[in-house]
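Working notes for the structure below.
Throughout, read-outs are computed from the coordinates displayed, never taken from laboratory work. Since the structure is predicted, the reported quantities are computational estimates derived from the model, not experimental observations. Reconstructed Cβ throughout: ideal geometry from the backbone, glycine too, with neighbour counts over all protein chains shown.
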Amino acid sequence: MFLTQTSSPAPPEGKDIEKMVEEYEGASARRNLSGPVGLFVAIVAGLFALFYLYQSKFGIISPEANRGIYVGITVFLCLLLYPASKKSPRNRITILDAVLALLAVVVTVYFVINYGQMANRIGFVTTPDLIMGLIAIVLCIEATRRVTGNVLAVIAVIFVIYALFGPYFPGILSHKGFTLHRVAGFLFSSLYGIFGGVAAIFANFVFMFMLFGTFLEFSGAGKFFIDFPYSLLGRARGGPAKVAIVASGLMGSINGSAAANVVTTGTFTIPLMKRVGYKPHMAGAIEAVASTGGMLMPPIMGAGAFIMSEFTGISYWHIALVSFVPAFLYYMYLYLMVDYQARNLGLSGLPKSELPDPRHELKQGWYYLLPVAVVIYLLVKGYSPAATAFWGIAGSVALSWVRKDTRMGLKEIGNALVKGTVQSLTVGATVGTIGIIVGVVYLTGLALKFSSLLLALSGGILPLAILLVGVAAYVLGMGITATTSYVILAVLAAPALQELGVEVLPAHLIVYWMSLIGNINPPVCLAAFAGAAIAQADPMKTGWTAVRFGQPLYIIPFLFAYTPILFNGPTPEVIRAIAGAFLGIYMVAGFTQGYQLRKLSLVERILAGISAVMLCWPDIYTDIIGFVLMIMLILWQVITMRRQGSASADSAK
């Protein structure tokens, strides 16, 4: 943005993909600063990344410095890089922006220096504390509004109003209310509000792994993660779509943003999908669903595994291991859908002459898998996620020197630091505002009230409660990232599911999976809209097609609640649950696409749907019924296909 960046797959001619995605975010496009001002902002962004790299290697200086600097400098950069409105200048910073950014620095310095005193006199808020607290609240909400749009900003304002005017809220939501001093002081001076645990999670885990993803891309690994699947699967039926599945799964697990993943891999895969015969809206939808699934893919899960570990107290490695089967089911379904679609439309792959040799590609770039392998190894050995990310970044820089054209010198490292920081703002801009929401939840006891409300609305019926969580996640997902949505609902909704008998990890995975729905489900679905922009397709049509290709997002959360698919039961039941899930998802794909060994009739399609439900239902008798139906349906397809083949042979004689 400010400095020269390494090359990446070129977007379609005449299209500024990044700008189109930013428009769909509901926020003004990021400023393109140049000259001394641009250099200054780039230096701040680079030093910001270096500070957290230093901490990841040598340890956190102090909790207040770690959290305060992350929130403060993130807000500072957001206010400078994102204009207040569409009418604001795009190539220079206004006086108002400069003043607000300076206030962000002042507030940060005040918090870091005075935190010890504020903690000692907790409950007693001085006038300077009040002023700084109010400024911090306003700046955090404004930064969020500029970067992500109005939804989360409005929610935060409502939560602040709720804290102040509790007695005026109806029924179970009512509380005694708190003074402005108490609210501002709690949100600013404690480690439960703006600078609370959420800030620590994002500073230590999310930011570091987003930075790791950027360094991987700059080292040439991003190109390898696309080129190798391309060489391997390009000739297959509907090959480019299958390339999208593998490449997006690899990239998405690391970068933690479905929309960013679409922009990274989709600029390459979507035009190829269109070329072999996929309709534009279908190509955009396939890429959106594949990119969204990256956040479900171990070992990193878009940093979701680390966040979940902090909330649940369950080890990261256990979460990553048990998440593999659900993630595999997700991509298996998508692969089947893509394959059935290609067979139904009579699509082929790309000519062999246009594809690179897989052995050559693997020989040229196999070592790019080493940083990921190092990350996994260190996590297994018990290293902290931050330290793990540091060594992953160091490994990426070292491996970039294997080839002359990818070597990262000081300039390239500087570019990666700046780009990683700037790209992280789309997530980091929400941290202070999430802290406001979570702080109000703690202050007012809203978590218990929300759980009671959810239990009351669902009548204590678990499936209905899961549906309500899905609706809440969907609504939140219209305006905020999946990670942000999960953090909020992990505090509010997961406890309610636990009260209904769902174990801790399944409850959080339900919330996490549901939080991804907003990426693909209209009317606001950023990943699908990004795919539509690249494919030059109708956004809504792309979104609804993505819903069809992303069915596991809606199905598998119920398996978390009702089956031991997460290895949380006796071994025979775990095996039966996983086998039933695999066969059930296989039948769901046939039902949804209307195709298996051949095109299905209406009756066959209905039977496939019944078989899918029976196989996924947590009961041995329904499993048997579903399995028998599946075998009968497949045998019938084989018999009728042989009859048709015989008839065709006879007519040819």
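Skipping prolines and chain starts, which residues have an amide H placed within reach, meaning under 5 Å, of the one on TYR595, given they are 5 or more residues away or on another chain?
Under 5 Å from the amide H of TYR595 lie the amide H atoms of LEU600, each far enough along the sequence or on another chain.
Which one is right for this structure if Kirkwood radius over Cα pairs in Å is calculated from it: (1) 27.5; (2) 25.8; (3) 29.2?
(2)
Quick one: what are the phi-derived ³J(HN,Hα) couplings along region 47-55, Karplus 6.51/-1.76/1.60 with θ = phi - 60°, whole Hz, x for glycine and proline?
Each residue's phi maps through the Karplus curve to give 5, 4, 5, 4, 4, 6, 5, 4, 5 Hz.
Give the shape of region 514-615 as rounded, prolate or oblate, defined through the alpha-carbon gyration tensor: a ≥ b ≥ c are the square roots of its eigenvalues, a/c under 1.5 means rounded, and otherwise the shape is prolate if a/b is larger than b/c and oblate if not.
Cα axes put region 514-615 in the oblate bin.
Expressed as a rounded percentage, what relative contact order does the chain have, with Cα pairs under 8 Å and six or more residues apart?
18 percent.
Please state the relative contact order of region 373-461 as a whole percent: Cα pairs under 8 Å, 6+ residues apart? Don't skip to the end; give the middle numbers.
Working: 21 pairs, mean separation 10.6, N = 89.
Dividing the mean separation by the residue count of region 373-461 yields 12 percent.
Rounded, prolate or oblate: which fits region 58-140, taking a ≥ b ≥ c as square roots of the Cα gyration tensor eigenvalues, rounded meaning a/c under 1.5, else prolate when a/b beats b/c? Provide the component values of the computation, followed by the final result.
On the way: a/c = 3.43, a/b = 1.74, b/c = 1.97.
Verdict is oblate for region 58-140.
Find which of GLY293, VAL276, THR148 sits farthest along the positive direction of the dipole of the chain, computed with +1 on the beta-carbon of Lys and Arg, -1 on that of Asp and Glu, about the Cα centre.
Result: VAL276, furthest along the dipole toward the positive end.
State to the nearest 20 debye the size of the charge dipole of the chain about its Cα centre, where the only charges are +1 on K and R beta carbons and -1 on D and E beta carbons.
Numbers: 42 positive and 28 negative charges, 233 e Å.
Magnitude of the dipole: close to 1120 debye.
Which links in LYS223/LYS419; LYS274/LYS363; LYS86/LYS279; LYS57/LYS404 stretch past 22 Å when you go from one Cα to the other?
Numbers: LYS223/LYS419 17 Å; LYS274/LYS363 29 Å; LYS86/LYS279 33 Å; LYS57/LYS404 28 Å.
From the list (LYS223/LYS419; LYS274/LYS363; LYS86/LYS279; LYS57/LYS404), the Cα-Cα distance tops 22 Å for LYS274/LYS363; LYS86/LYS279; LYS57/LYS404.
Mind giving me the FRET efficiency for ASN150 and LEU96? R0 is 22 Å, r the Cβ-Cβ distance, nearest 0.05 is fine.
0.70
Using the alpha-carbon centroid of each, what span in Å lies between region 248-278 and region 387-403?
Using only Cα atoms to place each centre, the spacing works out to 24 Å.
Once you have a ≥ b ≥ c as the square roots of the Cα gyration tensor eigenvalues for region 339-448, tell me rounded if a/c is under 1.5, and otherwise prolate or oblate according to whether a/b is larger than b/c.
Here region 339-448 falls in the oblate category.
Apply the Karplus parameterisation 6.51 cos²θ - 1.76 cosθ + 1.60, with θ equal to phi minus 60°, to every residue of region 384-390 and state each ³J(HN,Hα) to the nearest whole Hz, in sequence, with x for glycine and proline.
Couplings: 5, x, 5, 5, 4, 4, 4 Hz.
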